[in-house]
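Right, one structure below, let's go through it.
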Amino acid sequence: MFDNLSDKLDKALHLLKGHGKITDVNVADTLKEVRRALLDADVNFKIAKDFTTRVKDKAIGENVLTTLQPGQLMVKIVKDELAELMGGDAAGINLSGNPSVILMSGLQGSGKTTFSGKLANFLKTKKNKKPLLVACDIYRPAAINQLHVVGGQIGVEVYSEPENKNPVEIAQNAIKHAKANGFNVVIVDTAGRLAVDEEMMNEIANVHKAIQPQETLFVVDAMTGQDAVNTAKAFNDRLNFDGVILTKLDGDTRGGAAISIKSVVNKPIKFIGTGEKMEAIDVFYPSRMADRILG
Ligand code: GDP
């Protein structure tokens, strides 16, 4: 994961090794390389530029106060700033409802259905919850079947109404079913499209309005880099979602989406998907990710 970025940042920060103190000149050289590393990772230009400006101000400011070597100081500052950029503290999910309703949104193929299963499994095995999965994709029978397969794998019930073409009704009926049968979390998997379109946005906005979920999560494929960030913006403008799920991080060699998405939509990344199996889900900790990137 993000090997290229780690390598390049490591090389950039090495430029300061051997220097007795940080000066404007050696900071500028290092930061030029840091910025290049971020751009190569598919981080948006403005975010990369603002990032290096903040690092520079901190480096010059802290330089006189610290006993750290310039190389170490810079690693620390870049790490802290990366963690901050990715969201600071880890963000939990709101499970205060009875039942707690979680609405999943995102494009087709982003990993929504897989993640719905992973989250149900996580809540069942790690949080002692009794989740219900709901199939609200009214266009693709295969999507309903897929959710049933996933539910079967993890031993979680799946609610579906294959003949009903009204996702609002299906979601509302599912919540009634959950209340009547002691489910305390309801995870609603919705239809995605290949690209952002008005019909899909209207549909999910209607479901959102009708069921008033405690959590609306936006699922996106990390491998799509800047596109992931743009799609996040389009969904957030419409849904004002609560958090981002970055899937396929196992295949993402660059890292641009993980690094930029928080600062563009101002919503935290809550979980990451790191494989196709039901167990391949992790809570997202910005500082751990920064530690990983800077080795
Ligand atoms: P949906 O259309 O948004 O519901 O997407 P799916 O859940 O069907 O996922 C699309 C494809 O991505 C499937 O082949 C999944 O197995 C795969 N997938 C989902 N999440 C991950 C992940 O975290 N890592 C990898 N490598 N593949 C994933």
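The values are calculated or read from the model by the stated rules, or taken from the named source; none is laboratory data. All values derive from a computational prediction rather than experimental measurement. Methodologically, a virtual Cβ is constructed for each residue, glycine included, from the backbone with ideal geometry; neighbour enumeration extends over all protein chains shown. For accessibility, only protein heavy atoms count, side chains too; no ligands or nucleic acids. Shrake-Rupley method; radii C 1.70, N 1.55, O 1.52, S 1.80 Å.
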Which numbered condition in (1) within 21 Å of residue 127 (Cβ to Cβ); (2) among the small types (Gly, Ala, Ser); (3) within 13 Å of the ligand (Cβ to nearest atom); (4) under 12 Å from the mean Cα position of the chain (by Cα) is the only one that residue 280 fails?
(4)
Residue check: is residue 258 out of contact with any helix residue (DSSP H, G or I) (no Cβ under 8 Å at 6 or more places or on another chain) and within 14 Å of the ligand (Cβ to nearest atom)?
no
Are any of the residues in region 135-147 of a type outside the set (A, V, I, L, M, F, W, C), touching a Ser or Thr at 6+ places or on another chain (Cβ under 7 Å), open to solvent by 20 Å² or more (accessible area, probe 1.4 Å) and within 15 Å of the ligand (Cβ to nearest atom)?
yes
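Counting only residues that are within 19 Å of residue 84 (Cα to Cα) and either of a type in the set (A, V, I, L, M) or surrounded by fewer than 17 Cβ atoms within 10 Å (Cβ to Cβ) (or both), how many does region 14-52 have? Before the answer, list the steps.
Of all residues in region 14-52, those within 19 Å of residue 84 (Cα to Cα) come to 31, 34-35, 37-39, 41-52.
Pick out the ones that are also either of a type in the set (A, V, I, L, M) or surrounded by fewer than 17 Cβ atoms within 10 Å (Cβ to Cβ) (or both) and you get 31, 34, 37-39, 41, 43, 45-50.
Selection size over region 14-52: 13.
Every residue, every condition in (1) modelled with pLDDT of 95 or more; (2) aliphatic (A, V, I, L, M); (3) under 12 Å from the mean Cα position of the chain (by Cα), yes or no:
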site	(1), (2), (3)
186	yes, yes, no
191	no, yes, no
194	no, yes, no
208	yes, no, no
226	no, no, no
243	yes, no, yes
253	no, no, no
274	yes, no, yes
288	no, no, no
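Out of the residues in region 73-122 that are closer than 30 Å to residue 167 by Cβ, more than 16 Å from the ligand (Cβ to nearest atom) and small (Gly, Ala, Ser), state the one that is surrounded by the fewest Cβ atoms within 10 Å (Cβ to Cβ).
If we filter region 73-122 for residues that are closer than 30 Å to residue 167 by Cβ, which is where we start, we get 91-122.
Imposing the further condition that a residue be more than 16 Å from the ligand (Cβ to nearest atom) reduces the set to 91-101.
Subsequent filtering for residues that are small (Gly, Ala, Ser) retains 91-92, 96-97, 100.
Working: 91: 20, 92: 11, 96: 8, 97: 16, 100: 21.
So the residue we want is 96.
Looking only at region 123-172, which residues are part of a helix (DSSP H, G or I), in contact (Cβ under 8 Å) with a residue 40 or more places away in the chain and closer than 20 Å to residue 208 by Cβ? So that I can check it myself, show each step before the final result.
Filtering region 123-172 down to residues part of a helix (DSSP H, G or I) leaves 123-126, 141-154, 167-172.
From what's left, in contact (Cβ under 8 Å) with a residue 40 or more places away in the chain: 123, 143, 147, 150, 153-154, 167-168, 171.
Correct list: 143, 147, 167, 168, 171.
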Residues that are part of a loop (DSSP other than H, G, I, E, B), open to solvent by 20 Å² or more (accessible area, probe 1.4 Å), of a type outside the set (Ser, Thr, Tyr) and farther than 25 Å from residue 50 by Cβ: does region 246-267 have at least one?
yes
State the number of residues belonging to region 195-235 that are part of a helix (DSSP H, G or I), surrounded by fewer than 22 Cβ atoms within 10 Å (Cβ to Cβ) and among the small types (Gly, Ala, Ser).
3
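Scan region 162-180 and tell me whether some residue there is within 24 Å of residue 272 (Cβ to Cβ), open to solvent by less than 20 Å² (accessible area, probe 1.4 Å) and more than 14 Å from the ligand (Cβ to nearest atom).
The first filter runs over region 162-180 and keeps only residues within 24 Å of residue 272 (Cβ to Cβ), leaving none.
No, that holds for no residue.
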